[in-house]
Amino acid sequence: MKKIIAILLLAVTVQSASAMVPNGPIRGFHGGGFYPRTTVVVGGGFYNPYFSPFYYGYPYPYTAAVPYQPTKLDMQIANIRNDYADKIESVKMDKDLTGKERRAQIREFKRDRDQAVLEAKRNYYKS
């Protein structure tokens with residue numbers, strides 16, 4: 001009986017060991033995860049006179065790009081969307097209306113918002 005239990009225990013151990021995937025996801029009690037192999041690269045004192053050791057990339061210092069400045073149209077559209085978002089949110093919070101009336105009012109506000117955005121674009125490109 002002891003021999004049979006020992007053989008079964010050995011078989012289970014061999015099966016579980018052969019089912020392990022090298023460098024695969026680690027399944028543990030706490031969710032596991034994927035831990036890739038680590039690679040160590042040892043540099044050997046190469047000096048390049050064109051590149052500074054203090055930053056990577058092109059040899060000239062990095063100049064920051066000019067931040068995007070929104071146009072008048074962008075600001076108008078943002079204002080329209082914020083106004084209608086506020087109106088829609090106030091309708092959602094209004095408990096005096098029934099659900100059907102609330103949904104209808106929200107649809108109407110969204111339709112009006114899209115119409116106002118299109119009108120702002122038309123007026124911007126006309127002038």
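Since every read-out is calculated from the coordinates, none of them should be taken as a lab result. This structure is a prediction, so every number in the text was calculated from the model and none was measured. Virtual Cβ from ideal backbone geometry, glycine too; neighbours counted across all protein chains shown.
List of remarks:
- Hits in segment 64-113 - residues which are more than 28 Å from SER127 (Cβ to Cβ) and in a loop (DSSP other than H, G, I, E, B): ALA64, ALA65, ASP94, LYS95, ASP96, LEU97, THR98
- Pairs where the first residue, in segment 105-120, is farther than 17 Å from ASN82 by Cβ and the second is of a type outside the set (Lys, Arg) and assigned to a helix (DSSP H, G or I), C-beta under 9 Å, 6+ apart: GLN105/ILE88; GLN105/VAL91
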